[in-house]
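For reference, the structure discussed in these notes is given below.
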Amino acid sequence: MCDKMKAVAVTSEKKIEIIEINKPAIKPNQVLVKIKACALCTYEQRVYTGVKKFPLPFIGGHEIAGEIVQAGSNVDVSIYKPGTRVAARILYKCGVCYYCHRGKENLCVDINKQLINEPGIYGIGGLGQYVALDTTQIWILPEDISFEKAALTEPLACIVNSVWQGNPQLGDDVVIIGGGIMGMLHLLCLKLQGTRIIMSEPDEKRRNLALELGCDYVIDPFKTDPVKEVKELTDGRGADVVFNTTSISSVAEQAVQMTGYLGRCVMYSSQYPDVPIKISTNWLHNSEAVITGAVSPSIRSFDAAVNLLSKNIINPEKLISAVFDYTEAAQAFEAAIRPDTYRVIIKF
Ligand SMILES: [Zn+2]
Ligand SMILES: [Zn+2]
C-alpha cells in the first residue's frame, strides 16, 4: 500500500483543487524532499488561465525549496541528512543528448519530461508535499535562508543564464524591457555588473520599485517612444545590451530596434502569441549585433543563483508579494495572475 500526499492541481480552466496522489517512492540514488515553499511561475499561471493548453489535472511547480526527509540506500546521509535545507533544479536532464553533452542541459531534448509518475496526472510536480530527486538535482542551503527566498533560486538562475547570454561589460548601457519579477531580477543581477540600467515599463508603481532597487533611468513606453529615448540616452547609438522580458511581439521588435551596433539583444521571455517580427538584414550586417535568447537555468547558472542568495549578495525579498498555505492555493493563483504582484509563494 502506498502512502498518499496532497498536491495543488489545475483541474480545469481557472479551477484549483487540492488532490490526493501517491507519495513518490525514492530510488537508491535519490532523496525524498518535503516541499516547504513553491513559487508560482508564469508557466503555471498560463495553464491556470488557459493561455497555455496542457492536459489536466496539471500539477505544476518548479521553483521549489524544501527539506530532506529520507535518503535512498546509495545516498551518503552524512551529507544529505534528514532536515537539510535544499533548493532543487527539478527540470529533467537526460545527460546523453547533443545539448547535455555540450553542457547546455537547459536545452535538453527531454527537458519537459514529467516527473509525476501517476496515470492521468500531468506536470512537473513541485506543487505537491513531496518530490523524489536525484542528489545531482539538489543544492544544500545554509540554515538561515528562508524557504520563501530559497524558492526564488530557480527564477534567479534563469536570469543568471540570461545575463550571461547578454554578456554586459563594465560601463555598458543596458536596457531591461518590462518591470515584472523577471525584469526586477535582471535589475538586481545587472546592478552587480557595473552597468547603467535603463528600464522601460508602463506601470508607475513598478517603475518606482525599479528606481528603489537601483535602476538608473526609467521610461514610460506609453508616454514616450522607448526606442527614441534609448537612442537619445546613448548618443544616438542604441544600447549595448537589451533584455526583453515581455511576451509581446511588437515589444520584441522594439528591443531589436533599441540595440546598438556591436550590441546584444536577449529575448528572455517566450511570446504569447508568437508573432514573427521584422529585422533588417542590412542592419544586422552593418551592426555586427547579436540577437539571441535565454531559456531555463543551466546547472552552472543554478549554482550561481544558489551562491547569490545564500551569501546574501542578492536579496529578492521585495519581490515576494504574498505567501499562502497550500490549502489556500486557489487564492494564491488569483493573487499571482494580478498585474500588481511579483512572486506569490505557496507553503506546504
Ligand atoms: Zn519558472
Ligand atoms: Zn539531454
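The values are calculated or read from the model by the stated rules, or taken from the named source; none is laboratory data. For clarity, every value in this text was computed on a predicted model and none was experimentally measured. We place every Cβ from the backbone using ideal geometry, glycine too, and count neighbours over all the protein chains shown. Protein only, heavy atoms only, side chains kept; ligands, DNA and RNA dropped before computing areas. Shrake-Rupley method; radii C 1.70, N 1.55, O 1.52, S 1.80 Å.
Would a scan of the range 95-106 turn up a residue that is away from ligand 2 (no atom under 16 Å from the Cβ) and either over 18 Å from Asp303 (Cα atoms) or in contact with a helix residue (DSSP H, G or I) (Cβ under 6 Å, 6 or more places away or on another chain) (or both)?
Among the residues of the range 95-106, not one is away from ligand 2 (no atom under 16 Å from the Cβ) and either over 18 Å from Asp303 (Cα atoms) or in contact with a helix residue (DSSP H, G or I) (Cβ under 6 Å, 6 or more places away or on another chain) (or both), which makes the answer no.
Name every residue in the range 18-57 that is open to solvent by less than 40 Å² (accessible area, probe 1.4 Å), away from ligand 1 (no atom under 14 Å from the Cβ) and more than 25 Å from Lys4 (Cα to Cα), in order of residue number.
If the condition is that a residue be open to solvent by less than 40 Å² (accessible area, probe 1.4 Å), away from ligand 1 (no atom under 14 Å from the Cβ) and more than 25 Å from Lys4 (Cα to Cα), then Gly50 is the only one that fits.
Inside the range 231-348, counting only helices (runs of 4 or more DSSP H) that do not spill past its ends, which hold 2 or more residues that are within 21 Å of the chain's Cα centre (by Cα) and over 29 Å from Lys93 (Cα atoms)?
By residue number, 249-257, 329-337.
Just to be sure before I move on: is Lys104 under 17 Å from Cys158 (Cβ atoms) and away from ligand 1 (no atom under 16 Å from the Cβ) in the structure I sent?
Considered against the rule, which asks whether it is under 17 Å from Cys158 (Cβ atoms) and away from ligand 1 (no atom under 16 Å from the Cβ), Lys104 comes out as yes.
Check Val131 against each of (1) open to solvent by less than 70 Å² (accessible area, probe 1.4 Å); (2) more than 19 Å from Cys158 (Cα to Cα); (3) away from ligand 1 (no atom under 16 Å from the Cβ) and name the one condition it does not meet.
(3)
Against the conditions (1) surrounded by fewer than 13 Cβ atoms within 10 Å (Cβ to Cβ); (2) within 16 Å of ligand 1 (Cβ to nearest atom), where does Asp76 fall short? Just the number, please.
The failed condition is (2).
I'd like to check something: does the range 112-120 contain any residue that is modelled with pLDDT under 95, within 16 Å of ligand 2 (Cβ to nearest atom) and surrounded by 18 or more Cβ atoms within 10 Å (Cβ to Cβ)?
Looking for residues that are modelled with pLDDT under 95, within 16 Å of ligand 2 (Cβ to nearest atom) and surrounded by 18 or more Cβ atoms within 10 Å (Cβ to Cβ), one finds at least one in the range 112-120, hence yes.
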